[in-house]
Structure formats: structure tokens, C-alpha cells
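The values are calculated or read from the model by the stated rules, or taken from the named source; none is laboratory data. Because the structure is predicted, anything quoted here is derived from the model rather than measured. Heads up, the Cβs are rebuilt from the backbone with ideal geometry, glycines too, and the neighbour counts pull from every protein chain shown. Note: areas computed on protein heavy atoms with side chains; ligands, DNA, RNA excluded. Shrake-Rupley method; radii C 1.70, N 1.55, O 1.52, S 1.80 Å.
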Amino acid sequence: MSDPMRVRATEKDGIVDVKILMKHDMESGQRKDAAGKVVPAWFINVLNVKAQGKDVFNAQFGPAVSKDPFLNFKYKGSKGDKIVVSWVDTKDDKRTDEATAS
Amino acid sequence: LSLHSNPSMAQAAANKFYDLPKYGNVHLLHFTDCHAQLQPIYFREPNVNLGIGSQAGKTPHLVGEYFLKANGIPAGTRDAHAFTYLNFTEAAKTYGQVGGFAHLATLVKQIKASRPGSLLLDGGDTWQGSGTALWTNGQDMANAALALGVDLMTAHWEMTLGEDRVMEIVNKDFKGKIEFLAQNIKTADFGDPVFPSYSIRNMNGIPVAIIGQAFPYTPIANPGYFVPNWTFGIQEENLQKTIDEVKAKGAKVVVLLSHNGMDVDLKLASRVRGLHAILGGHTHDGVPIPVKVQNAGGTTLVTNAGSNGKYLAVLDFDVKGGKPVDFRYKLMPVFSNLIPADQSMAALIQNIRKPYESRLQEVLATTDALLYRRGNFNGSFDQVILDGLMAQKNAEIAFSPGFRWGTTLLPGQNITMENLLDQTAITYPYTTVNAMTGNTIKTILEDVADNLFNPDPYYQQGGDMVRVGGLQYTIDPAASMGKRITEMRLNGKLLDADKVYKVAGWAPVSEAAKNTGGEPIWDVIARHLREIKTVKAVQLNEPAIIGVSGNPGIAPISI
Amino acid sequence: AQAEEWNKAAFEGKSLDDVFKALGTSTPDKSSAVTLNAPDIAENGAVVPVSVTSTLKADQIAILVEKNPSTLAAQFFLPAGTEAFVTTRIKMGQTSNVYALVKADGKWAMAVKEIKVTLGGCGG
Ligand SMILES: [Mn+2]
Ligand SMILES: [Mn+2]
């Protein structure tokens, strides 16, 4: 089971500012290990964010997104919005975490 | 050239030299990049400080006679000695040493007394650069800054003590006394501010905002592992927001206390609105006349206040009707024998040094040559380090970083451990010996050259070119990245791109090099100096430089 | 492109043109309505913060790194009510131009900025 995400959502003037820090090695398939063997690619490639059950953000990643991916976006919303973040990686591992807009 | 043997005449001359009539109602005192030099020292300004592209021939890229002419300073004067390398050895003997916190303290007290409400700003690079700063983890400089009466500071080399130590000094020693400002340092996770961006102080009834700007490229120029949880950068947009915020809060004078370096500050001033002045540091340029930069919001004064405790800057604004209507600026050289030592600061320094005095005073060798560091390509003290590295590590090529700190020794002086540490005291002093291909060597030289000579200041990091021992090369500073370095030769033979060469160096920024943990540079060079006993005439290994004829940022060396 | 299904063709593109093609566009016009905010020099090539904003009513944003082995770093889909803004962090193997693409009203526009990746060392 992967580590939880950190999600911070703050509302100001009707706009919710969402910051997400995922926990993932994001192996690009370019890196070699100590023995000189290529470490196979393994990265989050699809992410979805819902607020109050409705899509507010979708992302797709390639291998060049940094280890422990970070996202910041803003949508029209309210304090108390229930925000659900879900990702899937290239090995079909999944993770979902929640936060409430404050 | 004149020396006063008569003390009362000397005092009269000093009074005249430092007599600065009060002007206006907002007063800012500024020093920067003292690099932990608590004692008076010699410091030779560069004879190579090239400006490339649009910076060619402009402040601060003027040396020697060109500098004097542009700043209206007569040759052969005390000021000419303070601001240029000209006739250095003889002039240094005539006018004596510069800086020293005890002398600086007297001057600060005198200026503050004449200017009620004034603030003392420290531009950073204060906690690093000496043996005692290294051995006390910057505690000596924290104590000295408190005793000097610093009000606000920003930072660069401070960060090489590590995040935890910086926070300890800021939150314990400085709490309620010195404010540590940096609008451009954020946490690496969510981008939250680490330090306050600004401070608004009421001065003689006028709200004055000081915004802090730490060195933007700290985790690149120095090891990133010292600041793993913080990010830096120029952060122009956030700076504009901060300026707008302090204005909205009523600030009538807005000043940036910056460690960007002069060229970055000049570009920044042209793009950001609402700054009345940028009091700058990092590039160690002594700039007597502020550059007036036009931007969409009006005019911003840009200064740089030199290094090594050599100068104290005083900026006076006359604020009328809610805005500055005029200013006066003076960059005062601190001549140690013109200013009596402040007794309490002298006692503090003596106490700091006491446990280390015998280690500091150890004589390693004597020098027949003038030993200095500053200059774009090489300095004679760097050459001594390169020669020592090659000899002690049995390497055919040596690299030494292009630091701009490091004091000067006159011919005939002893080289003490203290002097050696003034050139080398860092928290990542590891020496390295690497097998590098000709290709790798070229890549390194090109990379550093671009950090120095990229025509866009935002792509510059403000150090000097890596010093090179053993290897000759040709450089065309105005060429583009990858095309500046040619004719790399070892013993007259062109380097082979694929052949492997043995290269010694020090101050690696990678964590891997830290874990390997090579012998500290000061041990290697101390051994070398003890062996050679006397530094004879130093043969500077400098590159052939193309395309700079007529550039007033370079003058032939006349030691 | 569907938001839910990974855009394999685009992410496997090895050049700007490959990616433009996969996104169904020729080379987009440079536009002052697109802003790419990123450092001039990367503090760490493995973690380069890149921020894209636009005054257009954008429904997609893409970030491309010309000299990376796979050119497309990330693609974002913005439902109505979500601002034309995103910040993320990307890897860069070497100094390169970085492209911010914004799709609005069925048309892509872009901004370009060079980000330098350096070996580091030295200093004043
Ligand atoms: Mn500095
Ligand atoms: Mn400095």
C-alpha cells in the first residue's frame, strides 16, 4: 500500500486553492541502479480530483513529472467542499485520499 | 601619498574623511559580504571584472583607471586605493589595513548618532569566511552582529551552516533584536514562506519598508543538501506583490535589501515597480555612485557595497509629502587606522579569538609576492592553492572555485593558518581527485563560464571563473554556451576529448562527494606551504581571452 | 483526448512535432495570453517548478520539455469552473526550452522559456 497524499485546500473569495503532494518514486525508465541495470519505468500516469462529487481537475503524467508529484490548481467552490483525489500508476496501483476545504 | 605620523593631524584628517553631514529624514546604513572578517585586513579589488553584451563598460564592470574616471576619483588618493587595485602594494603600505568590526563599530556609532532613527542593514555573507566563524558555527559573527547593532539582515553563505543552525540563530540569538528577511525562501513542499518577507519600521514619523532578498541560487552555487527543505529563486512576481502590499500598508519608502548580485539587481530594477532603492551585495562590487534605473513605476537606485568589511554605506532620503524627493549616498571605505577601535567590540573579538589564537597565528610560510584572490579568472592566492593541490595530490590539472571572498597579503608578510582559512573556511572543504575525460573538462569550463558570462543576468550566479592549474585554454566570453572555451592544452598538447586526466579540486557541491569526504583543503595547502616555506613570485595561469580589447572591465596586471 | 484514459501516443512523442501531432495541432502560435512561470536556472534538475496561467478560457494545459527523452511532461484537463492555472514540478536532464500549451475554444496557444540546468559550484 502506498503512502497517503498530503492535500491542502483553502477557500478565499469563492475560489478554492488546492495543493496536492503525492508520494511516489516516479521511476522514469532512464535511471540506472548501482549495478548499472536500467530501473524500469513506474510512475503515476492518471489523476482525478472531485469536489462535492464533481470533476474539478484531471491530470495525466509522463515519466518526467518529479518524484513525489506536486500539483496546485484553483476552482470555483466553497468552504467545507469535500475533495477527493485519486491516482493510478503504470502498474495499476491506485490510491485515494480526501480533504475538506477550509 | 601622505601618511600622518602626528596623531592629532591624523585624527583631523579622519574627522574630515568621515564627516558626513546629515541629510533628509530617512537614513539607512548598509554593509554586506563581510565574510566574517572581524579583524582589519588588506583587500585588493580586481583588475578583471568583465561586463559582456549590454553590461560591457557599465557599472560595475569597470576597473582601475576606468573606474576612477567614471566615479570622479582622482588617482593616487586614499579613495583611489580603496576602490581599485592600482599601485596596490605601495598604497596599502601607505594607507594601512581596512575594515575590522571594532573600527566599523566606531563608525556606525558616529553615523547613527548624527542620524536619529537610522537602521543598520546587513546584506548577508556575514557568518562565513574565517576560521573562527567555521569553528564556532557562525556564533562569533552572530554575537558581533548583535554588538554592532544590526537591525535587519538577509543571507547567502549563512545557509551553508545548514537549515537547523540558521533557524537556531534566527529564533534564539536574534529573537526580538535582528530580523532575518527573505521574500524568496519558501518551503519545498507547499511553498510556504520560511522567513518574513519584509519589515515596516517607523523612522522619524515615516513608515519605511525593508524587503529581504536572499541569494536566489544558494542551492546551486553551494551544496543543496544544506537546505533540503527550502527553495530560493528570484521570485520577481512575489516581490512585486510584496512591494504592493507594503505600499498598501502605508510605506512611503520601500527598499530591497538584496543578495542578488549587481547585474541581477540592475535587471530586476528595470522590471519591478515601486522600489526606491536596492541595497545590494553578493558580487562584492564597491559602487560609490548608485545606478539610477528607470522602470514603469519611476526610478530605482541600485547599489552594491563591496565586501570584507571594507565599506559602510549611508543612504539618506528626504521624504516630503509622502514620498522621497531627493537622496544622498556615500560608500565610505573603513580605514582601520583612521578610526579608533570601539573598546567593547575589540574586547568581544578578543574573547572570540582567545581559545583559537595559537592555531590562527601558526606561521605556515612567508610570501615574497602579493597574494590576492579577486578577478574573473585567477588570483595569486588561488594559484598557490592550485599549485599545492597539484603537488600534494600528484595531479596534472587542478580546479579551484571562483569565490569572491578571501583577503590579501602584501609581499613580505607571513602566511598564517588564519590567512589560509580566510581563503578556504567552508563547511564542505573536501578535496577531490577525479579521472576526467577531456570532454568532461570542457563541459565543466563551459558551464561555469556561462554562469559568469551569460548575457542575461538572471542566468548568472555571480561568482568568478573556476581557477585552473596545469591546463591552458582560450575563452571568448561573448560567445554562446558551449562555444566559449577552445584550445585546451596540457604541456602544449591539445586535450584529447576521450582521454582521461587526473584532476584535483575542492569544495564539491554533490552529496556523494561529501560522503566520500576528502581531506580538507586547508590541511592540504598548509602541508604544501610548510614544505615550500616561501612563496616566490607567483606565475598566474590565466586563459587567453578573446574579444575584450577596449573593454574597460579588464586591465593588464600591475602588481 | 479523454481525461480518464492515458494519452499514450502523446506521452510517447520524442519531439515537439510528435506531441503537437498527437494533440491534434500544428505548431501553436506564441501568445501573450499564456504565461509560463519557472526559474531561469533550476535549483535541481530533478525538481523544476513550472507554473502555467492564461487569460484564455482554457480547458486543457500541457507542459513540454524539448530536450527530454519523452517530450510531453504532463497534460491537464480543466472542467468549467476551474481556473486556467496549474503548478507542478518536473524533471529536466539538461538545459532546454520548456513549452506551456493552453487549449481554448478548440485552439492551442503557447509560451516558451529556456530553463538552465547547471553543474553548480562557485559563488560570491
Ligand atoms: Mn554571496
Ligand atoms: Mn559574498
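For residue B:510, indicate whether it is free of Cβ contacts under 8 Å to residues at least 60 places away in the same chain and on the phi < 0 side of the Ramachandran plot. Steps first, please.
Details: free of Cβ contacts under 8 Å to residues at least 60 places away in the same chain: no; on the phi < 0 side of the Ramachandran plot: yes.
Spelling it out, it is not the case that residue B:510 is free of Cβ contacts under 8 Å to residues at least 60 places away in the same chain and on the phi < 0 side of the Ramachandran plot.
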Only one of (1) modelled with pLDDT of 95 or more; (2) open to solvent by less than 20 Å² (accessible area, probe 1.4 Å) is not met by residue C:25, so which one is it?
(2)
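Out of everything in segment B:385-394 that is on the phi < 0 side of the Ramachandran plot and open to solvent by 10 Å² or more (accessible area, probe 1.4 Å), what residue ends up being farthest from ligand 1 (Cβ to nearest atom)? Working first, answer last.
Taking segment B:385-394 and keeping what is on the phi < 0 side of the Ramachandran plot, we get B:385-393.
Retained after the next criterion (residues that are open to solvent by 10 Å² or more (accessible area, probe 1.4 Å)): B:387, B:390-393.
Numbers: B:387: 27, B:390: 28, B:391: 30, B:392: 29, B:393: 28 Å.
Checked segment B:385-394; the qualifying residue farthest from ligand 1 (Cβ to nearest atom) is B:391.
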All but one of (1) open to solvent by less than 20 Å² (accessible area, probe 1.4 Å); (2) away from chain B (no Cβ under 14 Å); (3) under 23 Å from residue B:446 (Cβ atoms); (4) not small (Gly, Ala, Ser) hold for residue C:115, so report the exception by its number.
(2)
Would it be correct to say that residue B:347 is under 26 Å from residue B:516 (Cβ atoms) and away from ligand 2 (no atom under 16 Å from the Cβ)?
no
Name the pairs: first residue in segment B:119-130 and within 14 Å of another protein chain (Cβ to nearest Cβ) and under 9 Å from residue B:155 (Cα atoms), second residue more than 9 Å from ligand 1 (Cβ to nearest atom) and of a type in the set (D, E, K, R), Cβ to Cβ under 8 Å, at least 6 apart or on different chains?
B:124/B:158; B:125/B:158; B:126/B:158
Residues (facing another protein chain (nearest Cβ under 10 Å) and surrounded by fewer than 17 Cβ atoms within 10 Å (Cβ to Cβ)) located in segment B:464-481:
B:481
Those residues that are within 14 Å of chain C (Cβ to nearest Cβ), surrounded by fewer than 17 Cβ atoms within 10 Å (Cβ to Cβ) and in a strand (DSSP E or B), I need them from segment B:168-206; list them, please.
B:187
Given the conditions (1) surrounded by fewer than 24 Cβ atoms within 10 Å (Cβ to Cβ); (2) within 27 Å of residue B:235 (Cα to Cα); (3) among the polar types (S, T, N, Q), which single one is not true for residue B:461?
(1)
Among the candidates B:89, B:94, B:77, B:126, which residue alone is within 16 Å of ligand 1 (Cβ to nearest atom), modelled with pLDDT of 95 or more and β-branched (Val, Ile, Thr)?
B:126
Looking at segment C:80-124, which of its residues are of a type in the set (D, E, K, R) and within 30 Å of residue B:375 (Cβ to Cβ)?
C:114, C:116
Give the number of residues within segment C:34-82 that are over 24 Å from residue C:24 (Cβ atoms), of a type in the set (Val, Ile, Thr) and more than 7 Å from every other protein chain (Cβ to nearest Cβ).
1
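Identify the residue in segment B:33-83 that is of a type in the set (Ser, Thr, Tyr) and part of a helix (DSSP H, G or I) and, among all such residues, is least open to solvent (accessible area, probe 1.4 Å). Break it down into steps so the answer makes sense when it comes.
The initial filter retains those residues of segment B:33-83 that are of a type in the set (Ser, Thr, Tyr), namely B:42, B:54, B:59, B:66, B:77.
Add one more test, that the residue is part of a helix (DSSP H, G or I), and what stays is B:54, B:66.
Values: B:54: 84, B:66: 109 Å².
Of everything passing the filter in segment B:33-83, B:54 is least open to solvent (accessible area, probe 1.4 Å).
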Reported set for segment B:426-462 where residues are touching a residue at least 40 places away in the same chain (Cβ under 8 Å), among the aromatic types (Phe, Trp, Tyr) and not in a strand (DSSP E or B) is B:428, B:453, B:458
Please go through segment A:7-22 and pick out each residue that is surrounded by 15 or more Cβ atoms within 10 Å (Cβ to Cβ) and within 14 Å of chain B (Cβ to nearest Cβ).
A:7, A:8, A:9, A:17, A:18, A:19, A:20, A:21, A:22
Does residue B:373 count as touching a residue at least 24 places away in the same chain (Cβ under 8 Å), among the charged types (D, E, K, R) and open to solvent by less than 50 Å² (accessible area, probe 1.4 Å)?
yes
Filtered residues of segment A:49-96 (kept if within 9 Å of chain C (Cβ to nearest Cβ), open to solvent by 30 Å² or more (accessible area, probe 1.4 Å) and within 20 Å of residue B:190 (Cα to Cα))
A:67, A:68, A:74
Against the definition (closer than 28 Å to residue C:116 by Cα, in contact (Cβ under 8 Å) with a residue 60 or more places away in the chain and either more than 16 Å from ligand 1 (Cβ to nearest atom) or part of a helix (DSSP H, G or I) (or both)), how does residue B:267 come out, yes or no?
yes
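Looking at this structure, is residue B:287 among the β-branched types (Val, Ile, Thr), within 16 Å of ligand 1 (Cβ to nearest atom) and open to solvent by less than 10 Å² (accessible area, probe 1.4 Å)?
yes
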Reported set for segment B:313-340 where residues are closer than 23 Å to residue B:122 by Cα and open to solvent by 40 Å² or more (accessible area, probe 1.4 Å) is B:327, B:328, B:330, B:340
Name the single residue that is nearest to the other protein chains (Cβ to nearest Cβ) among those in segment C:1-17 being assigned to a helix (DSSP H, G or I) and open to solvent by 90 Å² or more (accessible area, probe 1.4 Å).
C:8
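In the set A:40, A:4, which member is touching a strand residue (DSSP E or B) at 6+ places or on another chain (Cβ under 9 Å), free of Cβ contacts under 8 Å to residues at least 24 places away in the same chain and more than 9 Å from every other protein chain (Cβ to nearest Cβ)? Break it down stepwise before answering.
Numbers: A:4 fails: free of Cβ contacts under 8 Å to residues at least 24 places away in the same chain.
Testing whether each residue is touching a strand residue (DSSP E or B) at 6+ places or on another chain (Cβ under 9 Å), free of Cβ contacts under 8 Å to residues at least 24 places away in the same chain and more than 9 Å from every other protein chain (Cβ to nearest Cβ) leaves just A:40.
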What are the residues in segment C:52-83 that are surrounded by fewer than 24 Cβ atoms within 10 Å (Cβ to Cβ) and in a loop (DSSP other than H, G, I, E, B), if any?
C:55, C:56, C:57, C:66, C:67, C:68, C:69, C:70, C:79, C:80, C:81, C:83
On the basis of being within 14 Å of another protein chain (Cβ to nearest Cβ), open to solvent by less than 30 Å² (accessible area, probe 1.4 Å), modelled with pLDDT of 95 or more and within 16 Å of ligand 2 (Cβ to nearest atom), does residue B:30 make the cut?
no
Of all residues in segment B:146-167, which are open to solvent by less than 10 Å² (accessible area, probe 1.4 Å) and within 16 Å of ligand 1 (Cβ to nearest atom)?
B:153, B:154, B:155, B:156, B:157, B:158, B:159, B:160, B:166
Among the numbered criteria (1) away from ligand 2 (no atom under 16 Å from the Cβ); (2) in a strand (DSSP E or B); (3) within 21 Å of residue B:282 (Cβ to Cβ); (4) touching a Ser or Thr at 6+ places or on another chain (Cβ under 9 Å), which one does residue B:209 miss?
(3)
From C:85, C:20, grab the single residue that is within 12 Å of another protein chain (Cβ to nearest Cβ), touching a Ser or Thr at 6+ places or on another chain (Cβ under 7 Å) and aromatic (Phe, Trp, Tyr).
C:85
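Residue C:73: over 13 Å from the mean Cα position of the chain (by Cα) and more than 30 Å from residue B:260 (Cα to Cα), yes or no? Lay out the reasoning, then the answer.
Working: over 13 Å from the mean Cα position of the chain (by Cα): no; more than 30 Å from residue B:260 (Cα to Cα): yes.
No: the conditions fail for residue C:73.
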